[in-house]
Structure formats: structure tokens, C-alpha cells
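J.: Just dropping this structure here.
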Amino acid sequence: MSELIFDTVSVRYGGRRGLTAVDGVSLTVPAGKVVGLVGESGSGKSTLARAAVGLSPISAGRVLLGGVDVRKLPRRRPLQMVFQDPYSSLNPRMTIGESITEAIPRGVLPGRSARKEEAARLLELVNLDPDRAEHLPGQMSGGQRQRVALARALAGRPEALIADEITSALDVSVQGAVLNLVRSVQRQLDLSMLFISHNLAVIRYLSDIVAVMYLGRIVEAGPAEQVLTDPQHPYTRDLLDAAPSAHKSLFDLEPSATADAEPPDPHYPPAGCRYHPRCPVGPLVRTDREICLRADPVEDAASRRHAAACHFSESEGHEPAISRGASA
């Protein structure tokens, strides 16, 4: 296991008028811990993950694994990623066994027999029959393919693992089984893990630490229980308020008018606080809070609880939002 650090990472596409999908993100995944990264679609979560594994260009900053810049790691880097769509991440013409053995680093297990045995062991680790090694991806269900994708990632001998929305493409009936498997494997192998999801129930179930991302930036981060029971940023509270729970169904949700506002164009993010056009406690509601229009709260976020990127995070009274004790 190794610590995974995002050190002021930015990812920009296009020229001067291009899109900054990730803007100066700093985030630490401690060794052996699970960090849950949550945010709405388009917030930059997947782009940050892809930058870590070399699939998106890092425009500024760096990603460190065990203190080493990931761009200097060997091709078979000890940082692996499991993608959202298990079918597109597997070669449809390769058997399951071939896909797994291909991911085993060269020189680790010389000999075809040893590599086949390792593939069988990994299939058992993810609760699949080793006989499945002879099957093609198209012969398996979505949940089974996602288990294979996890086994393939583990074949790379990772010190850290990134899981990007790995249950969102699965039926609800199998999501719980996959999440239980992920939690079991992470604990058994003592992996450092960045788990990305827009589902707060999933984040709550798996994570030791929660980070909240909005419009390319981390706006709040801290111990999972603290962030989910006492959120400091208005965006985090809006996410929690919009999540159905045992006491609140989809039909009971009443988001504020500001929360319903159209998200800003990421090509032209607002000045000052990026959340102020949608903020239920910002200048649209409190006209005396003009500072939100001109000063960026990210600059001194480290001085606030949960490093909240909000000028007024500690001045807003609010009820505890969610209990982490329930299962996903």
C-alpha cells in the first residue's frame, strides 16, 4: 500500500479559451484507506481519475504514488483503475483468463502455467468460478464482468486502486454484492483506494474520508462521518438534502430555488465562489454577502473545518444531514 497524493492538479483541454476540467485539486488518499469522491456529473471526478493513470493530460501539478510522480513510473504502474462500463474495459475477443493474465507484470510469474493459476486465484478472490476463465466477456452478466475488471486490475499488483462509478451501470440487485466485494478486497489487501461515485449511500458505505467536488475543485473534505453528519459547504448540504433516505422518498424532496438553478458553464466559471449562482445562503439570498461574488474561498479553505471552500461555512447553523450507520 502507498499514499496517493494529488498535488494542485489541473487538467485543461484546448487553448486559451479551452476547458479547465480540473482546477488546482489537492487531495490525499492515505495508505490503506478509502477516499470517497462525490459530486454531480461534470464536476471533474472522472477526469481527475484518468489524469492519475495517464489517460488525461496533467496541465499543472503532479500525482504522487509513494512519493514518486506517476508520470515517472514504469508502464505497468502500481496504480490501477476500474472503469464504469465493465464491457468496454474488456477485450470482447479475449477470454476472461487471457484478459487477466495480460495484466500481470512481466517477470512476476514466468511460465504460462503459473500465470493461469494466478488468474484462477484472482477469479476466486472476486467470487467467480475459476472455470469462467475460458469464457468471453459477452457470455457474462454486467456484475460478473465488473468482477472480472476488478480481478484484472488486481493482477497488476497495485499499491493503490481507483474505482470510477463501478456500480452505476449495474442493476440495483447486484450493486450491493459488488460493493461488499470491493470493501472485502480492499481490507484484505490493505489497498489505498479512491472510490468515485455520485451516490452518497455508496460513498457512506465504503469511505473513511469523503471529498466533495464541484466545477473542477474540491469544496469540502474530511472524515466521512463528520462530513456526512455535519457538512460545512452549502453544496455538500444540497447533495445530502437531495438524497433519498429511509425517512425521505424521491417524492418528498423539495430542493431550493437556487439549487434548481442551471449549473454555470465550466468554460466560464463564475468569479469569486463558484457555487454562488446556486447557493441557498449566498448573495442571491443574502445581499450583504458580496464577498462571494469577488473573493475565491478556495484560497483560505485550509483554515476552515473540512477545508470548506465557503466564506460563511462556520456561520450557518444546520441540522445533521445524514447518518453513516445505515448500509448501502
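The values are calculated or read from the model by the stated rules, or taken from the named source; none is laboratory data. Owing to the predicted nature of the structure, the values given are computational and were not obtained by experimental measurement. Backbone-built Cβ (ideal geometry, glycine too); neighbour counts: all protein chains shown.
J.: I need the full set of residues from the range 58-72 which are within 18 Å of the chain's Cα centre (by Cα) and within 22 Å of His267 (Cβ to Cβ), in order please.
T.: Passing the criteria: only Ile58.
J.: Listed residues Ala211, Ala169, Ala221, Ala243; which is assigned to a loop (DSSP other than H, G, I, E, B) and closer than 30 Å to Pro270 by Cβ?
T.: On inspection, the qualifying residue turns out to be Ala243.
J.: Kindly indicate whether Arg132 is within 24 Å of the chain's Cα centre (by Cα), more than 19 Å from Val202 (Cβ to Cβ), charged (D, E, K, R) and not in a loop (DSSP other than H, G, I, E, B).
T.: The answer is no for Arg132.
J.: Looking only at residues in the range 27-79 that are farther than 15 Å from Ala160 by Cβ and among the hydrophobic types (A, V, I, L, M, F, W, C), which one is surrounded by the fewest Cβ atoms within 10 Å (Cβ to Cβ)?
T.: Looking at residues that are farther than 15 Å from Ala160 by Cβ and among the hydrophobic types (A, V, I, L, M, F, W, C), I get Leu55.
J.: Do the conditions hold for Gly14, that is, is it within 21 Å of Ala308 (Cα to Cα) and either without any contact (Cβ under 8 Å) to a residue 24 or more places away in the chain or touching a strand residue (DSSP E or B) at 6+ places or on another chain (Cβ under 6 Å) (or both)? Don't jump to the end; show me each part of the working.
T.: Working: within 21 Å of Ala308 (Cα to Cα): no; either without any contact (Cβ under 8 Å) to a residue 24 or more places away in the chain or touching a strand residue (DSSP E or B) at 6+ places or on another chain (Cβ under 6 Å) (or both): yes.
No.
J.: Hey, any hits in the range 22-40 for a residue that's in contact (Cβ under 8 Å) with a residue 40 or more places away in the chain, touching a Lys or Arg at 6+ places or on another chain (Cβ under 9 Å) and more than 27 Å from Gln226 (Cβ to Cβ)?
T.: no
J.: Collect the residues in the range 158-189 that are β-branched (Val, Ile, Thr), modelled with pLDDT under 90 and touching a strand residue (DSSP E or B) at 6+ places or on another chain (Cβ under 9 Å), keeping them in residue-number order.
T.: Hit for the range 158-189 is Thr167, nothing else.
J.: Continuing with this model, one more query. With the condition kept exactly as written, say whether any residue in the range 250-257 is modelled with pLDDT under 95, surrounded by 15 or more Cβ atoms within 10 Å (Cβ to Cβ) and either touching a strand residue (DSSP E or B) at 6+ places or on another chain (Cβ under 9 Å) or not in a loop (DSSP other than H, G, I, E, B) (or both).
T.: Checked against the condition, which is being modelled with pLDDT under 95, surrounded by 15 or more Cβ atoms within 10 Å (Cβ to Cβ) and either touching a strand residue (DSSP E or B) at 6+ places or on another chain (Cβ under 9 Å) or not in a loop (DSSP other than H, G, I, E, B) (or both), the range 250-257 yields no hits at all.
J.: Within the range 88-97, how many residues are surrounded by 18 or more Cβ atoms within 10 Å (Cβ to Cβ) and of a type outside the set (S, T, N, Q)?
T.: Counting residues in the range 88-97 that are surrounded by 18 or more Cβ atoms within 10 Å (Cβ to Cβ) and of a type outside the set (S, T, N, Q) gives 3.
J.: So if I check each of Gly143, Gly138, which one is over 18 Å from Arg93 (Cα atoms) and not aliphatic (A, V, I, L, M)?
T.: Testing whether each residue is over 18 Å from Arg93 (Cα atoms) and not aliphatic (A, V, I, L, M) leaves just Gly143.
J.: Between a residue in the range 196-208 that is farther than 18 Å from Ile218 by Cβ and polar (S, T, N, Q) and any residue that is in a loop (DSSP other than H, G, I, E, B) and at pLDDT below 95, which pairs come within a Cβ distance under 9 Å, given they are 6 or more apart or on different chains?
T.: Pairs that qualify, where the first residue is farther than 18 Å from Ile218 by Cβ and polar (S, T, N, Q) and the partner is in a loop (DSSP other than H, G, I, E, B) and at pLDDT below 95, are Asn199/Glu165; Asn199/Thr167; Asn199/Ser168; Asn199/Ala243; Asn199/Ala328.
J.: Follow-up. Give the residue, chosen from Ala201, Ala114, that is of a type outside the set (Val, Ile, Thr), surrounded by fewer than 20 Cβ atoms within 10 Å (Cβ to Cβ), over 17 Å from the mean Cα position of the chain (by Cα) and assigned to a helix (DSSP H, G or I).
T.: Ala114
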